[in-house]
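Some notes on the structure that comes next.
The values are calculated or read from the model by the stated rules, or taken from the named source; none is laboratory data. Just so it is clear, the model here is predicted, and its values are computed rather than measured. All Cβ positions, glycine included, derive from the backbone under ideal geometry; neighbour counts span all protein chains shown.
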């Protein structure tokens, strides 16, 4: 079972509000699945330092461009900042890698819901 904050993240991934992009938390074109988590945190809690040095460099949240800031990772209850987990086939994966390799937000939401013991503390 997912905690309340993780449920909000999953709902945001499925909402259609966020355009998916890759390689960085947020770019001019959209968000990584982890960037969506940062936006959910910012709306719910606030306090992240958000900087946009240039759209080519992307957006940083607490000086992180591609991994979750610790405060967001803890708020979600994730074990690792890139969403590392091991599949039933003993393959190591990360949500960041899946996002960047073309896995849709809906599919990532399904993975989050189906692997809570692997992803969350």
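Data for the structure
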{"quantity": "Given (1) more than 13 Å from the chain's Cα centre (by Cα); (2) surrounded by 15 or more Cβ atoms within 10 Å (Cβ to Cβ), number of the condition residue 102 does not satisfy", "calculated": "(2)"}
{"quantity": "Of residues in segment 24-55 being under 12 Å from the mean Cα position of the chain (by Cα) and assigned to a loop (DSSP other than H, G, I, E, B), the one nearest to residue 96 (Cα to Cα)", "calculated": "32"}
{"quantity": "Selection within segment 23-49 - surrounded by fewer than 19 Cβ atoms within 10 Å (Cβ to Cβ) and modelled with pLDDT of 95 or more", "calculated": "30, 42, 43, 44, 45, 46, 47, 48, 49"}
{"quantity": "Sole residue being in contact with a strand residue (DSSP E or B) (Cβ under 6 Å, 6 or more places away or on another chain) and within 23 Å of residue 107 (Cβ to Cβ), chosen from 30, 16", "calculated": "30"}
{"quantity": "Residue 13, sole failed condition from (1) loosely packed, with under 12 Cβ neighbours inside 10 Å; (2) at pLDDT 95 or above; (3) not in a loop (DSSP other than H, G, I, E, B)", "calculated": "(1)"}
{"quantity": "Of residues in segment 1-10 being over 11 Å from the mean Cα position of the chain (by Cα) and touching a residue at least 60 places away in the same chain (Cβ under 8 Å), the one farthest from residue 113 (Cα to Cα)", "calculated": "5"}
{"quantity": "Filter result (out of contact with any helix residue (DSSP H, G or I) (no Cβ under 8 Å at 6 or more places or on another chain) and touching a residue at least 40 places away in the same chain (Cβ under 8 Å)) within segment 103-121", "calculated": "104, 121"}
